[in-house]
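> Below is the structure I would like to discuss, written out as structure tokens.
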Amino acid sequence: DRKAMFIEGVKHILDAGYIQTGLEHFAKPTDSVGQASEKGKAVYGSLGVTTEGCTSMLAVGSSAYSSFGDDYYFQNYYENNLYTKALDNGEFPIYRGHKLSAEDKMRRHIVKGIRTCFFIDVIDFENKYGIEFNDMFAKEIKLLKEFEEDGLVELNSRSLSLTDIGQHLSPVISGVFDSYWTGLHHN
């Protein structure tokens, strides 16, 4: 029932002149996020979909995560008492952080592309990172075969795209490329 309500809600939002800029995000086509999305330049992050120029976000609230530049993520305390105590002491309420590796950045590119545009241009990706997509992500491509057989993903040597039905499962499909979630990390 929730999925049916979601689909009906999306239909009404699109009929009102908005475009979809990710699974659960929308913008007017004239908005900067809408224009970035149409050009494949929008970015999915902790605050939703933004233009690609937005690389740093400061998180507010327990469990929220921040990103600084292209290299760092930090997460706030989950526990409200620890979050509040840090703020009361004039400290950032951060309990963990991570510096991204080159591989992390490639994977983030894919995850955000799938979550925002439902599409990855494999040729552009290979040119940007100087790798062979099918070689670098052989394990992930193998995992995508089941999604492909179910009609959720279309994968060829030039692109990876989600079908209309697959778009509703973009968080799960993009998770295939999240090495921390799938256990595929190669370090």
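The values are calculated or read from the model by the stated rules, or taken from the named source; none is laboratory data. All of these numbers come straight from a predicted model, not from anything done at the bench. Here Cβ is always computed from backbone atoms with ideal geometry, including for glycine, and neighbour counts include all displayed protein chains. The area values use the complete protein model at the heavy-atom level, side chains included, leaving out ligands, DNA and RNA. Shrake-Rupley method; radii C 1.70, N 1.55, O 1.52, S 1.80 Å.
> Could you check the stretch 119-144 and list, in sequence order, the residues that are touching a strand residue (DSSP E or B) at 6+ places or on another chain (Cβ under 8 Å) and farther than 21 Å from SER37 by Cα?
Passing the criteria: ILE141, LEU144.
> Suppose we filter the stretch 151-175 for residues that are more than 26 Å from ALA102 (Cβ to Cβ) and in contact with a Leu (Cβ under 9 Å, 6 or more places away or on another chain); how many remain?
Qualifying residue count for the region: 8.
Table: residues versus (1) outside any helix (DSSP H, G or I); (2) within 15 Å of ASP178 (Cβ to Cβ); (3) open to solvent by 40 Å² or more (accessible area, probe 1.4 Å).
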| position | (1), (2), (3) |
| --- | --- |
| VAL60 | yes, no, yes |
| TYR78 | yes, no, yes |
| ASN81 | no, no, yes |
| HIS98 | yes, yes, yes |
| MET106 | no, yes, no |
| HIS109 | no, yes, yes |
| PHE125 | no, no, no |
| LYS128 | no, no, yes |
| LEU143 | no, yes, yes |
